[in-house]
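Working notes, beginning with the structure itself.
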Amino acid sequence: MRSPGRFPKVSPTPTVRRAPVRHSGGSAPGLLPLLVVTALGSVPLAAHAASVSSPAPTLLVLGAAQYNGHPSPAFQRRLDHANRLYRRGGVTRIIVSGGVGKGDRFSEGAVGVSYLAKLGVPKERLLAETRSRSTLENVTYSQTYISGPVTLVTDEVHATRALALARGIGLQASVSSVPLASRGEAADRYRSRERMLLAAYTLLGLTDLQR
């Protein structure tokens, strides 16, 4: 998947630090912040993270579902976007991050790298991170391979929270996002979930335990 000496040696699994939760005073500690998070989950997100026109030399594609070795439509859109950015020139490395989901046989990282290789991206430019199971773990476990600026590749709804988490662990990160293709109730639930998780992270320092 990568040529010898191309990438740094993988260090032991990093510890994922989660910010401490601050409780408000009073007879019901933490109740007010939780109510605020709940309220924010019901209002529109102010703005998506700005998508850069010129990505960094390293791309980090955040994984999504794969089906028996094939990327889901949402995952494929992210991978296709990464391929387009690579074809423009200037991108020298693409990291695809994502582990093995419950009941799955393949990791998202390996599936993504295989897909990009079939599109013609040289294998020495590709690297799979195959342990992560959440957005925070995506950026944390991939940090080992990143020595400078990095551009995250994900969808526009996920981009704001992903960028906040990446910068929160010290990555010099930007984002290049793809439009959300789905519509209807599923898309509305996804947007609501992202609002809730972003509010929980911003207000309480809570990070996600699931994707």
Criterion: touching a residue at least 12 places away in the same chain (Cβ under 8 Å) and assigned to a helix (DSSP H, G or I) - qualifying residue of Leu152, Leu180, Leu163, Leu171 | Leu163
Taking the stated definitions as given, is Ala128 outside any loop (DSSP other than H, G, I, E, B), touching a Gly at 6+ places or on another chain (Cβ under 7 Å) and either acidic (Asp, Glu) or in contact (Cβ under 8 Å) with a residue 24 or more places away in the chain (or both)?
-> yes
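One line per residue, one yes/no per condition, for (1) part of a helix (DSSP H, G or I); (2) within 25 Å of Thr140 (Cβ to Cβ); (3) touching a Ser or Thr at 6+ places or on another chain (Cβ under 6 Å):
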position	(1), (2), (3)
Ala56	no, yes, yes
Ala74	yes, yes, no
Arg105	no, yes, no
Val121	no, yes, no
So Asp188 clears everything in (1) in a helix (DSSP H, G or I); (2) among the acidic types (Asp, Glu); (3) surrounded by 15 or more Cβ atoms within 10 Å (Cβ to Cβ) except one condition, right? Which one?
-> (3)
Has segment 106-115 got at least one residue that is crowded, with 20+ Cβ neighbours inside 10 Å and either among the basic types (Lys, Arg) or over 15 Å from Ser72 (Cβ atoms) (or both)?
-> yes
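The rows are residues; the columns are (1) within 12 Å of the chain's Cα centre (by Cα); (2) of a type in the set (Lys, Arg).
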site	(1), (2)
Val100	no, no
Gly112	no, no
Leu152	yes, no
Arg161	yes, yes
Leu171	no, no
If you check Tyr145 against the conditions, is it modelled with pLDDT under 95, aromatic (Phe, Trp, Tyr) and surrounded by fewer than 23 Cβ atoms within 10 Å (Cβ to Cβ)?
-> no
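The values are calculated or read from the model by the stated rules, or taken from the named source; none is laboratory data. Please read all numbers here as calculations on a predicted model, not as lab measurements. Heads up, the Cβs are rebuilt from the backbone with ideal geometry, glycines too, and the neighbour counts pull from every protein chain shown.
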